[in-house]
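Notes to accompany the following structure.
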Amino acid sequence: MRFVAVIVFVFCCLHLYGVRGEDKPIQTFVIPHSHMDVGWVYTIQESMHAYASNVYTSVTEELSKAKDRRFIAVEQEFFRLWWDSVASDSHKKQVRQLVKEGRLEFIIGGQVMHDEAVTDLDDEILQMTEGHGFLYQTFGVRPRFSWHVDPFGASSTTPVLFALAGFNAHLISRIDYDLKDSMQKNKKLQFVWRGSPSLKAKQEIFTHTMDQFSYCTPSYLPFSNRSGFYWNGVALFPDPPKDGIYPNMSLPVTKETVQAYAKTMVGNIKQRAAWFRTNHVLWPWGCDKQFYNSSVQFNNMDPLMKYINQNSKEFGVTLQYATLSEYFQAIHQSNLTWEVRGSEDFLPYSVDTYQAMTGFYASRNVLKGVARQASSQLHAAETLFTRYRISFPDGPVAKDWALDKLRALRWAVSEVQHHDGITGTESPKVADMYLQHLTQAMMGVEELLAALFLLPHHLPSSLDMHFHRKGDHQSLEQHVIIYNPLAWNVTTIINITVAFPSAAIFDDDGQPVPAQIQRSARSNATYDLFVMVELGGLQYRKYLIKFSETPCSGTYKCGQTYEAEGVLFERRSVKDGMKTGRWLLPVLNECYKLMFDQDTNLLHSITYLEEKREVKMTQDFWEYDANGDVQAGPISDNYFFSTNYSAERAYKAVEMEIIPGKIVTEIRQYFYREEGDEDYAYSITTRVPECFGTRVLCHRLEQTYSLGPLLLNTEVVLRTSSSLNNNKTLYTDDNGYQMVKRTYRKFASNTVARNYFPMVRTAYLEDDLSRLVLLSDRAHGVSSQVNGQLQVMLHRRLWNNMPWNLGYNLTLNDSSVARPTLWMMLGSISATSKLYQREAIELQHRPIIMPIDQPQKPWLETEPKSSSPVRSVVLPPNLHLLSLSIPGWNYSSNHDVHLSHIHSGKDLHSEPDYDRVLLRIMHIFEEGEDPELSKPVTINLKDALRGIGEVRVLEERSLTGTWNISSLQRWKWKTADNLEKKNGWCQKCEGEDFTVTISPKEIRTFFVHFSATKF
């Protein structure tokens, strides 16, 4: 996305500066590229039709005409669509040759250029793995460089992931305007980034920050009223013009214009050269939706570059077409010593004094939630299918059908990670496209899950049996399968929505299971059935629910189900200055004592009982009133959050209902905009586990919120005010990988918005004694504007009259109802440090609930006893099974063998490889975070995976699987400290030794082959 506030290039003829006294011409690397948003304003289909297909067709044809021409391809989704449905055999042959010669270079190689602020670690890795798998299988290439030019800020997780994938250098662009200005002046736009405080130099990467002109060619021409260097003009939607004449095509390069063009280009090159330490300038040629007519582009640039090179002594500049690798090779060969940047990120991101791109952290809350749900479902299905293939290689679930279902969801989840996708910064029709792709693929995977659960086990003897016991008095029954997608044993409480007021539940041994049923918080027509389940790692069990339309009567009929009823408290008005705290109502479990104030129906305090420490705490909703008139000042929109005022209370009265239970006690708070309103505007439903004497952890307070439809130009925050003395400092996660300290800063303007930060999974604030942790099921914006306070922006609905926003329908008039979930924990720093990482993962990957039939009368025949539960797979508590999947990409693990096959000219169509398993394990703790859990873990993977099958071969790979670790050699960059930079990987884990040691924050990736033994 190229934002409307384009920096206009003003021609200047600066003298060459910063070449360290050497009188050499500036070596300029002209890098042709097209920034192709996988979404944003136009749908994928619209973009393919209007320009994207033509980019790859015309680039392929034009590069083949001249050996010196180059092009970099970035987003794989468009390329793969072109390759599969548009490219001719001739085009494919040309592409293979261009790739082999290094003239067409794939950069990043992921499906999309993913956002860095609100994306989750799992999904960033997924979309890279999908793109890299295609590129390696098809061309035998493995991207070594990034081109992250458009994400709105830069996370410190991204360089770590790129290093783990084998990249040699990283490129970013969008960082705070004032910071970039300072870095330019001091020639510090390039540095070595050590993004992980635990991995340090082991996974460092050289990073290039684009200068103020960013990734677009400067378009100002002092001799023409047309934009410069864009000879193919501006792409037209919905249809390309039949005559090939596009709007705003640059003035052609002729004998009359070539000198003026040359002076303009050279002036810009020299201006840029002054900001870097070496004699090399990266000059990006392109912008959004460019090179759909590559012929006119190259036919104008060719003579311009020739003219400058012929007069290089006069201009002091030489030019060459280049790929990104050619530029970075020149920088690497300069052999300079580079400054080191630690694990600090570049978030948030402001484009100027008044415009902070912190609004998108909360834009399109529903889309953010669905994307994470899809990711969680995909993880569960991948692990289950992998187990199925190993145990039932010839089972009734067709492997090709199953892989198609998984690939469809991989594609949809990857696609929405685009930096104008999950960010919520796209047009409504594109948001609808993402949701459609996600929901359709999720439906397909639900079919797959049902097949994987049912077909090999024949549960029950016939699911479509219609013979029932005689007598209408029989209760209805339903069978449900619960699957734990994590490689940890879990004891947890699940919620099943049912249509009956009474129910008893039994496990697969026929034993009653503790449960609780009550009127649903979502609907008066349904009921919430809370069930306590115990599941081993990667294990599922079948449960039987017996329903009744009448209340329970007797222990046998109800099993161990408790029917809970609520107590409604009178609606209370809430005003500033009113008396509070006179009547406090306690809700207790083994971990906490929550006190609710009956003067306000609001939370008053929480005491964590282990240390008997009370923290004053209130939670309620506040609103920022957004400006929608550009004439009145800065606006809030999809991207920006802008306000000159503090938030205001969003309600005048609160109603409360408490439902005491034996499994959970539920507190429902309803917030009314006006005292007499019939419908509430917002709600909080808090579930306190009542699990005395069980293995269910009592420290998890689950909260679900209901927000919307919002009033227009409203931005809603959940405000948690506490007595913690955090000095307005908070901690938020970078992409669910690591925590970053966020210190409150005062700015000349827009201070509120510039102190908002992205929260993907976790945010907490703390003082010397206590820590308050919030865990999220989707991304939000968070801030600590007042000491002891944590604001979470949950939802936004905006409209403004900026012509650019109106023209592209980017005003965010989002009238949806959002229902996000947060888990809250309170305790000492040492106690919460042991818990929050795992809890965040458990929130992301909650047990899968799969009803396998509808409520019906019992079967005539007694149900056969199910086989014993599948064997569990349990990792140590500080190791997380990040991935267990069958990618399906078919290539030899030996790179030379794979290249030989590709270059043989034989039929390259490959059947999927169903036997290679991709395994990733992550150490979830930072170095020094916990005395025990932060230690390196030595584990025998053959033993750890025995519950799945017999491991035969274990081969360590790069993050996306395309490199054998033993052959991966990344460039080393000179730094002042010269820290040890060896990779401590297991080089070969075959034969008898399958033991690996995993250090804090390491992500280790393996290819695993199992023996054919059936279980």
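The values are calculated or read from the model by the stated rules, or taken from the named source; none is laboratory data. Treat the numbers as computed from the prediction; the structure is a model and nothing was measured. So basically every Cβ, Gly included, is an ideal-geometry build from the backbone, and we count neighbours across all protein chains shown. Each accessible area value is taken on the protein alone, full model and side chains, heavy atoms only, with ligands, DNA and RNA left out. Shrake-Rupley method; radii C 1.70, N 1.55, O 1.52, S 1.80 Å.
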Among Thr138, Ile172, Leu282 the positive-end extreme of the charge dipole of the range 26-345 (Cβ point charges): Leu282
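For the range 535-639, what class follows from the C-alpha gyration tensor (a ≥ b ≥ c being the square roots of its eigenvalues): rounded when a/c is under 1.5, otherwise prolate if a/b is larger than b/c, else oblate? Don't skip to the answer; put the middle values down first.
Values: a/c = 2.09, a/b = 1.56, b/c = 1.34.
Prolate, because a/c is 1.5 or more and a/b exceeds b/c.
Mind listing which chymotrypsin sites (Phe, Trp or Tyr not before Pro) in the range 573-670 are in a DSSP loop and have 14 or fewer other Cβ atoms within 10 Å?
Listed in order of number, the matching sites are Trp583, Tyr645.
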In degrees between 0 and 90, to the nearest 10, how far off the longest principal axis of the chain does helix 428-454 point, with axes built from Cα atoms? 50
Separation between Cα centres of the range 626-670 and the range 939-964, rounded to whole Å: 47
Sort 183-189, 23-29 by the packing proxy (mean of other Cβ within 10 Å over each peptide's residues), most packed first. 23-29, 183-189
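Calculate how many DSSP beta bridges within the range 26-345 are antiparallel, expressed in % of all such bridges and rounded to the nearest 5. Present the calculation step by step, with values, prior to reporting the outcome.
Numbers: 4 of 28 bridges.
The answer is about 15 percent antiparallel.
Per residue, how much accessible area does the chain show when a 1.4 Å probe rolls over the protein heavy atoms, in square angstrom? Walk me through the numbers before you get to the answer.
Details: 37370 Å² over 1015 residues.
In whole numbers, the chain has 37 Å² accessible per residue.
Quick check on the chain: helices-only [θ] at 222 nm, where DSSP H runs of length 4 and up contribute -39,500 (n - 2.57) each and the sum goes over total residues. Nearest 500, please.
Details: 21 runs with 232 residues, N = 1015.
Rounded to the nearest 500, the figure is -7000 deg cm²/dmol.
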Excluding ligands, DNA and RNA, the carbon-plus-sulfur percentage of the accessible area of the range 214-254 with a 1.4 Å probe reads 58
Rounded, prolate or oblate for the range 815-955? Axes are the square roots of the Cα gyration tensor eigenvalues, ordered a ≥ b ≥ c, and the cut-off for rounded is a/c under 1.5. oblate
Helix 89-101 against the longest principal axis of the chain: what's the angle in degrees, Cα atoms only, rounded to the nearest 10? 80
At the level of C-alpha centres, the distance separating the range 324-402 and the range 778-845, in angstrom, is 19
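Do any trypsin sites (Lys or Arg not before Pro) in the range 212-268 lie in a DSSP loop with no more than 10 other beta carbon atoms within 10 Å, and if so, which?
Numbers: sites: Arg226, Lys242, Lys255, Lys263; in loops: Arg226, Lys242, Lys255.
Within the range 212-268, the qualifying trypsin sites (Lys or Arg not before Pro) (loop, at most 10 other Cβ atoms within 10 Å) are Lys242, Lys255.
Placing unit charges on C-beta atoms (Lys and Arg positive, Asp and Glu negative, everything else neutral), compute the dipole magnitude of the chain about its Cα centre in debye, rounded to 20. Write out the running numbers ahead of the final one.
Values: 105 positive and 115 negative charges, 472 e Å.
In total the dipole reaches around 2260 debye.
Provide the packing ranking of 967-975, 212-220, i.e. peptides ordered by the mean count of other C-beta atoms within 10 Å per residue, highest first. Please report the intermediate quantities before stating the final value.
Details: 967-975: 15.7, 212-220: 19.9.
Most protected by this proxy first, the peptides run 212-220, 967-975.
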Quick check on my link table: of Lys593/Lys935; Lys24/Lys972; Lys542/Lys834; Lys242/Lys289; Lys741/Lys834; Lys200/Lys972, which ones sit more than 22 Å apart, alpha carbon to alpha carbon? Lys593/Lys935; Lys24/Lys972; Lys542/Lys834
Just going by the charge dipole of the chain, with Lys and Arg at +1 and Asp and Glu at -1 on Cβ, which of Ser967, Gly888, Pro858 is farthest out on the positive end? Ser967
Percent breakdown of C-alpha pair distances by 20 Å bin, ordered from the shortest bin, for the chain: 12, 43, 34, 10, 1, 0
For the range 262-324, shape from the Cα gyration tensor axes a ≥ b ≥ c, cut at a/c of 1.5 then a/b versus b/c, turns out oblate
For a quick check of your reading of the filter: which trypsin sites (Lys or Arg not before Pro) in the range 729-830 sit in a DSSP loop and have no more than 10 other Cβ atoms within 10 Å? Arg745, Lys746
Calculate how steeply helix 258-273 sits against the longest principal axis of the alpha-carbon atoms of the chain, using the helix alpha-carbon long axis, and give the answer as 0 to 90 degrees to the nearest 10. 50
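With all protein chains present, how much of the accessible area of the range 567-844 (probe radius 1.4 Å) comes from carbon and sulfur, to the nearest whole percent?
Values: 4810 of 10180 Å².
Carbon and sulfur together cover 47 percent of it.
To the nearest whole percent, what portion of all C-alpha pairs in the range 360-454 is separated by more than 24 angstrom? Working shown, then result.
Numbers: 1219 of 4465 pairs.
In whole percent, the share of Cα-Cα pairs in the range 360-454 beyond 24 Å is 27.
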